[in-house]
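Only one structure is covered here, and it is reproduced in the block below.
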2 protein chains.
Amino acid sequence: MTPTLADIRAAAERIKPYAHRTPVLTCESLNQKVGARVFLKCENLQKVGAFKFRGACNAVYSLTNEEAARGVCTHSSGNHAQALALAAKIRGIPAYIVMPNNAPSVKKNAVAGYGGRITFCEPTLEARESTLDRIRLETGATLVHPYNDERVVAGQGTAALELLEDIPDLDVVIAPVGGGGLLSGTAIAATELKKGIRVIAGEPEMADDAFRSMREGVIVPSINPKTIADGLLTSLGTLTFPIIQKQVEQIVTVSEAGIVETMKYVWERAKIVIEPSSAVAVGVLWEKKIDLGGLRVGVILSGGNVDLEKLPW
Amino acid sequence: MTPTLADIRAAAERIKPYAHRTPVLTCESLNQKVGARVFLKCENLQKVGAFKFRGACNAVYSLTNEEAARGVCTHSSGNHAQALALAAKIRGIPAYIVMPNNAPSVKKNAVAGYGGRITFCEPTLEARESTLDRIRLETGATLVHPYNDERVVAGQGTAALELLEDIPDLDVVIAPVGGGGLLSGTAIAATELKKGIRVIAGEPEMADDAFRSMREGVIVPSINPKTIADGLLTSLGTLTFPIIQKQVEQIVTVSEAGIVETMKYVWERAKIVIEPSSAVAVGVLWEKKIDLGGLRVGVILSGGNVDLEKLPW
């Protein structure tokens, strides 16, 4: 079932005791640079440094006590794994995380640091899925998919809900798109809260499956995409694609150079640490492929998880 | 005259239309790391990326129309110059800024970008002061000193006022100390708003004039101090020292390594860009030279102006 605004409101109540209500920041020099009034919804300042905590937390707290006791599981090496591990830790239940054995140690340590129980497997999709299946059978844990899950989509939509509560008179909302969980939740919240609001996605040119899927009318996955925006490598899911088709005006692609320039500019001028995936959303304004001049534009920053030892400038 | 809480409240009203009310952020991993409940007052997210805008703005808007028409002036190459230039620009009056001719071009460009009228001079204190005197005579502009000025101190105190409005039950407030404008304003606001609150300053070990001045009971300036916290090179002033003597519990020095570690940790975990001077304040908690275990500690982050091309790690 496609989540509704009511589901997003319920998610907001559910996660309220555990998630940060992140601030909405403005930056005059950014406004001047891109020629619009920009409102940055700072999910980089969310728990685990990413919006992912909203969806994971909503999923974990949607479980009955009986379900919860058996734990949750997922395969991921990114922010979703950390988010699920933390949400489970807060509820006091196990989180089983399947990770490829070649995942960077910083990601392993982060998941372990939040108390996630990691099972390593070969770095293939088959190995990840079969390992996850085995763990589900053994433990009875509930699978929480990173985006193709109604509870997760509803949770991600709470960022846009808060943004529009704080800044009701937006003309446009921009979110980055990978698997589409954030984008679809954003689209549901924004279009139901404000008639006529435009929802636009930013996507890396080098991982433009959503752009191509919208054009073709079917999900066209990316094959081994390579982009600095490593949170946006995944392709759309069967839950998220129809929502995006119906409620998102367009997908705008952003170049790798544009992502890095935007990221550096936001660090320098807005004084916040954003990850490349966040810069993809701001990059829609930066590269000006579409005209948003003079409009009031809310931008959902996905997160701020970057390796400070490997900055791209 | 020493500013009072009433002056700080008046300053808050005066600057309200122009300054950001900056958010107060928390970071669970930082809390665990330092063993206290930390509330970060984010002046790095203030206009021009530093608390300095508060004092400069209060000074500029305290002028009569007649005074204002003749402009304001100062000698500075740092955040105060940018802050004064922007405040003057907003009021529509000239800001005359004297800078040494060897100031980094990034600082020159920043001041010029805010519309400041720069006069370069030889890089000596004598040249700076005589050049400033000449400009004052020629233009009739009002001098706005970076910290030894009641209007500036009252303006800087508005950060602590907001912090205690948001988080009233703090046990301790920590601010960094250079010339003492932020620290003295913070001390006035905090001690008048909450009886028994402890006000503590962080100071670089390598520029410890405030620490030594407190011990000696007289202002003991630093001679050519060298620290990465380049916002804290100045020594206390005749206005700020007596306030600090009376209302600040102690000055805690922070090592250069501690400043860099703290700065990197805050970027990584709190996802905000802070300058070394901000890290000096957090560094008081980080280095644990004094026991603040379990307390509720507000920390005023001075700013976020750093060169992303020259990070110290």
With criteria (1) surrounded by 24 or more Cβ atoms within 10 Å (Cβ to Cβ); (2) assigned by TED's automatic domain parsing to the domain that holds A:L125, A:A69 comes up short on (1)
Checked B:G283, B:G294, B:G298 against criteria (part of a strand (DSSP E or B) and touching a residue at least 40 places away in the same chain (Cβ under 8 Å)); the one match is B:G298
Within segment A:227-260, the residues that are over 24 Å from A:P146 (Cα atoms) and more than 12 Å from chain B (Cβ to nearest Cβ) are A:S255, A:E256, A:A257, A:G258
With the structure loaded, tell me whether B:H80 is of a type outside the set (S, T, Y) and open to solvent by 10 Å² or more (accessible area, probe 1.4 Å) or whether it fails that test.
no
Check on B:N101, of a type in the set (S, T, N, Q), more than 30 Å from B:L292 (Cβ to Cβ), more than 14 Å from every other protein chain (Cβ to nearest Cβ) and open to solvent by 50 Å² or more (accessible area, probe 1.4 Å)
yes
Reported set for segment B:84-111 where residues are of a type in the set (A, V, I, L, M), touching a helix residue (DSSP H, G or I) at 6+ places or on another chain (Cβ under 8 Å) and not in a strand (DSSP E or B) is B:L84, B:A85, B:L86, B:A87, B:A88, B:I90, B:I93, B:A110, B:V111
Per the filter on segment B:1-30, residues open to solvent by 10 Å² or more (accessible area, probe 1.4 Å), more than 22 Å from B:Y114 (Cα to Cα) and assigned to a helix (DSSP H, G or I) are B:L5, B:A6, B:D7, B:R9, B:A10, B:A12, B:E13, B:E28, B:S29
Against the condition in the same structural domain as A:I243 (by TED's automatic domain parsing), in contact (Cβ under 8 Å) with a residue 12 or more places away in the chain and closer than 18 Å to B:R269 by Cα, how does A:Q82 come out, does it pass? no
In segment B:148-192, anything among the hydroxyl-bearing types (S, T, Y) and more than 18 Å from B:P23 (Cβ to Cβ) is listed as B:S184, B:T191
Checked against (1) over 17 Å from A:A187 (Cβ atoms); (2) among the basic types (K, R); (3) assigned to a helix (DSSP H, G or I), A:K246 satisfies every condition except (1)
Across segment B:187-230, the tally of residues that are in a strand (DSSP E or B) and open to solvent by less than 20 Å² (accessible area, probe 1.4 Å) stands at 6
If you go through B:P123, B:P168, the only one that is at pLDDT 95 or above and not in a helix (DSSP H, G or I) is B:P168
Pairing a residue in segment A:181-199 that is free of Cβ contacts under 8 Å to residues at least 12 places away in the same chain with any residue that is open to solvent by 60 Å² or more (accessible area, probe 1.4 Å), where Cβ atoms lie under 8 Å and the two sit 6 or more apart in sequence or on different chains, gives none
Exercise. Scanning for something of a type in the set (F, W, Y) and farther than 15 Å from B:V38 by Cα, does segment B:298-313 turn up at least one residue?
Worked result: yes
When B:I174 is run through (1) surrounded by 24 or more Cβ atoms within 10 Å (Cβ to Cβ); (2) over 13 Å from B:F39 (Cβ atoms), the failure sits at (2)
ask   = Out of all the residues in segment B:230-242, is one or more at pLDDT below 95 and either outside the structural domain of B:D171 (by TED's automatic domain parsing) or charged (D, E, K, R) (or both)?
value = yes
Here the residues within segment A:285-313 that are within 18 Å of A:G231 (Cβ to Cβ), facing chain B (nearest Cβ under 10 Å) and either touching a helix residue (DSSP H, G or I) at 6+ places or on another chain (Cβ under 8 Å) or buried (at least 24 other Cβ atoms within 10 Å of the Cβ) (or both) are A:L301, A:G303, A:G304, A:N305, A:V306, A:D307, A:L308
For this session: State whether the residues of segment B:125-144 include one that is touching a strand residue (DSSP E or B) at 6+ places or on another chain (Cβ under 7 Å), among the polar types (S, T, N, Q), surrounded by fewer than 16 Cβ atoms within 10 Å (Cβ to Cβ) and touching a residue at least 12 places away in the same chain (Cβ under 8 Å).
Result: yes
**Message:** Any residue that is more than 19 Å from the chain's Cα centre (by Cα) and either over 26 Å from A:L5 (Cβ atoms) or open to solvent by 10 Å² or more (accessible area, probe 1.4 Å) (or both) - is there at least one of those in segment A:149-156?
**Reply:** no
request  = Go through the residues of segment A:260-272 one by one and say whether even a single one is in contact (Cβ under 8 Å) with a residue 40 or more places away in the chain, open to solvent by 10 Å² or more (accessible area, probe 1.4 Å) and either under 23 Å from A:S213 (Cβ atoms) or not in a helix (DSSP H, G or I) (or both).
outcome  = no
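The values are calculated or read from the model by the stated rules, or taken from the named source; none is laboratory data. All values reported here derive from a predicted model rather than from experimental measurement. Positions of Cβ are generated from backbone atoms using ideal geometry, with glycine treated the same way; all protein chains shown enter the neighbour counts. Protein only, heavy atoms only, side chains kept; ligands, DNA and RNA dropped before computing areas. Shrake-Rupley method; radii C 1.70, N 1.55, O 1.52, S 1.80 Å.
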